[in-house]
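The values are calculated or read from the model by the stated rules, or taken from the named source; none is laboratory data. Nothing here was measured: the structure is a model prediction, and the numbers come from that model. Backbone-built Cβ (ideal geometry, glycine too); neighbour counts: all protein chains shown.
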Amino acid sequence: MGIVDDDVARVRELTDLAELVGEHMALKRAGRRFVGLCPFHTEKTPSFSVNPELGVYYCFGCQASGDAITFVREVEHLDFVGAVERLASRVGMTLRYDDSSQGRDRRRAARLAEAVGSAIDFYHRILVDDPAGGEARRYLRSRGFDGDAARRFRLGFAPGSFDALTRHLHRKGFSRDEMITAGLSFTNRAQRLQDQFRDRLMFPIHDSRGEPAGFGGRALVAGAGPKYKNSPETPLYHKSRMLYWLHEAKADIVASGGVVVCEGYTDVMALVLSGVPQAVATCGTAVTDDHVRALTKLARRVTLAYDADSAGQAAAERWYAWEQEHEVEVRVAALPAGRDPAEVWAESPDALRRAIDDAVPFLAFRLNRVLAGADLSTVEGRARAANSAVDVIAQHPSDLVRDQYVMQISGQVGIEPERIRAAVDRIRRQPGGGPARPADRAGPERRNEGVPRAPGAARPGDGRRDRPGGLDATGGFDPAAVDPREADALRFALHDAGYVVDWLAADLFGDPVAREVFEILARTGSAAEALESADGPARSLLQRLAVEEPLVDAEPETVEARLMANLAEPAGRRRAERLVASDRAEEAAEGGRLLDALANARGSGWPAAREPAERLLAWLAAGSQV
Ligand SMILES: [Zn+2]
């Protein structure tokens, strides 16, 4: 089923995991590994680690682990085949499919994207060098966009003709069904195929991988239908998930740690052209949970570049909730009232850049608006202003944040902070007066948790996070719980299997998973092959060990002594206990003497422990089974 096995392996091989992960989040080099903030759970100090040589990652916070395919599946919400395809296109590889229905679906999606791509080219050519595009070109110029901008954003013009695109696609070999399913044509009342978009300036919309998905079209003639019309929902175009320009902005979003969200396609163009490349726009919808999830994986700062009135009307409670849930900071650009980014840019690109730089926290923005309209010169005016401000402050879910604004407002309206705080608390205690937050949907008990978490992220203590796929199903095994001494030895075995397997043995490991990993490494002789052949808990443990550096604190002899002593001692103790339990006191006493000698020698440092450790190992190896 699906993609040919060899191709899956080849894609994994060709993918540089550190580079791939780096496209989604900031990574720092740490020795041979890379570390960063885990994309799978909320954290402030990095516990996510990548081993680029072996192509595996592991998070010490939530135990998420896997390889390039798992990573893409989780981060981009793709299924296995989708993830492999995404990786294959990254490395420029063509995949072969087993002949299955799944393969056919994929080929069909690729075909639809091809049709949208052809439409992008068709519309673009008309805009840039066809007399029919004159009107659209004049409109763009009036907004300050020249031919270079039109080419850079691959803008297009859908002519007024009834079926110009449909005929063009037909000539290119696309079927009626493909054109309809791609949202480019529809069947009119006369049962004829007609273009979806007519007489519109066309903004091509791509998915986050950069595949053509659909269009936003702006009417150029008043009265010719809605001002903006977007592609209908198709297998490629889902309006609640699409973010215009994300495929281009992604790298800059990650690099800058911030994203600027706008409402219009021309706003994104204006921002990019004024030197703010990390800009995206929703495609005719308000911001959704899906949008926020996608963006907060890339950045911790979200700046809303809406005109002041839209920003004032943006669902504040939802943004506060997102702020808490995803630990992001939401700001509002300081745009002049009634002006959108494209308008500000047309007058002065510098002014637009400044508006982004001077963005203020969302709550501060809303308070400023309340206070700007207030008359603070009279007692009554100040009381009214305080009341409005209290309403705004009470919506924020964080008491620390609320308190800071209580202090600020107190100074501005000249009312004691205690009285303002009491008023805020009163509102929050009212049934339904508190803030609506997504967390509320998960049940009231979450309200009191200190650190809100993204849905699906691990809660402390539950060991494993829920994961949809079975790739890394580990049956509740927590790789972080392995005895550190055994993990230490395995790390060496993983980095250089030959080095350790010669003088250590599988039965020295008390933890069954650790023992299995040692056996796999001894058998395969290489970390890459071990990863390939392991599954379940053993694979998960291997992935964790692969992102850890072996503790090379001294000469090889010292390291060897440490590993031997650390494994021999607990193994010797276990054996001695079993001997006592089976009434073999003499043998147990012999073991006890060896253990004492080792403990004694350890006091003088690892090198001194080597000889007694070797004797203990020999005793363990020679002993008959108990
Ligand atoms: Zn994590």
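Descriptive notes on the structure:
- Residues in segment 241-262 that are assigned to a loop (DSSP other than H, G, I, E, B) and modelled with pLDDT of 90 or more: Arg241, Met242, Trp245.
- Screening the candidates Asp7, Asp16, Asp79 for the property of being surrounded by fewer than 22 Cβ atoms within 10 Å (Cβ to Cβ), farther than 26 Å from Thr296 by Cα and charged (D, E, K, R) yields one hit, Asp7.
- Scanning segment 367-410 for residues being under 40 Å from the mean Cα position of the chain (by Cα), part of a loop (DSSP other than H, G, I, E, B) and among the polar types (S, T, N, Q) gives a total of 2.
- Enumerated helices (runs of 4 or more DSSP H) restricted to segment 1-89, each holding at least 3 residues that are within 16 Å of the ligand (Cβ to nearest atom) and outside the structural domain of Val547 (by TED's automatic domain parsing): 68-75
- Residues of segment 216-227 satisfying the condition of being more than 14 Å from Tyr123 (Cβ to Cβ) and modelled with pLDDT under 90: Val221, Ala222, Gly223, Ala224, Gly225, Pro226, Lys227
- Residue within segment 307-322 that is closer than 19 Å to Glu23 by Cβ, under 22 Å from the mean Cα position of the chain (by Cα) and not polar (S, T, N, Q) present: no
- For first residues located in segment 42-59 and without any contact (Cβ under 8 Å) to a residue 60 or more places away in the chain and of a type in the set (S, T, N, Q), partners that are within 16 Å of the ligand (Cβ to nearest atom) and not in a strand (DSSP E or B) and lie 6+ apart or on another chain with Cβ distances below 7 Å form the pairs Ser47/Cys38; Ser47/Phe60; Ser47/Gly61.
- Some residue of segment 526-541 being part of a helix (DSSP H, G or I), over 33 Å from the mean Cα position of the chain (by Cα) and in the same structural domain as Ala487 (by TED's automatic domain parsing): no
- Count of residues meeting criterion [part of a loop (DSSP other than H, G, I, E, B) and more than 17 Å from Leu140 (Cα to Cα)] in segment 330-351: 7
- Flag if Ala355 is assigned to a strand (DSSP E or B), without any contact (Cβ under 8 Å) to a residue 60 or more places away in the chain and not β-branched (Val, Ile, Thr): no
- Checked against the criterion of being crowded, with 19+ Cβ neighbours inside 10 Å and modelled with pLDDT of 85 or more, segment 96-106 contains not a single residue that satisfies it.
- Among the residues listed as Ile356, Ile393, the single one being β-branched (Val, Ile, Thr), surrounded by 15 or more Cβ atoms within 10 Å (Cβ to Cβ) and farther than 30 Å from Leu140 by Cα: Ile393
Residue-wise test of (1) modelled with pLDDT under 80; (2) buried (at least 18 other Cβ atoms within 10 Å of the Cβ).
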| position | (1), (2) |
| --- | --- |
| Arg459 | yes, no |
| Pro479 | yes, yes |
| Ala497 | yes, yes |
| Asp507 | no, no |
| Gly525 | no, no |
| Ala528 | no, no |
| Ser533 | no, no |
| Arg539 | no, yes |
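- Output for segment 263-276, where each listed residue is closer than 21 Å to Pro361 by Cα and modelled with pLDDT under 95: Glu263
- Within segment 549-561, the presence of a residue that is more than 18 Å from Phe509 (Cβ to Cβ), outside any helix (DSSP H, G or I) and over 42 Å from the mean Cα position of the chain (by Cα) is excluded.
- Among residues of segment 286-315, those that are modelled with pLDDT under 80 and out of contact with any Pro (no Cβ under 9 Å at 6 or more places or on another chain), counted: 7
- Subset of segment 113-135 [touching a helix residue (DSSP H, G or I) at 6+ places or on another chain (Cβ under 6 Å) and under 14 Å from Thr234 (Cα atoms)]: Ala115
- Residue match in segment 597-607 (condition: within 16 Å of Leu504 (Cα to Cα), in contact with a helix residue (DSSP H, G or I) (Cβ under 9 Å, 6 or more places away or on another chain), aliphatic (A, V, I, L, M) and assigned to a helix (DSSP H, G or I)): no
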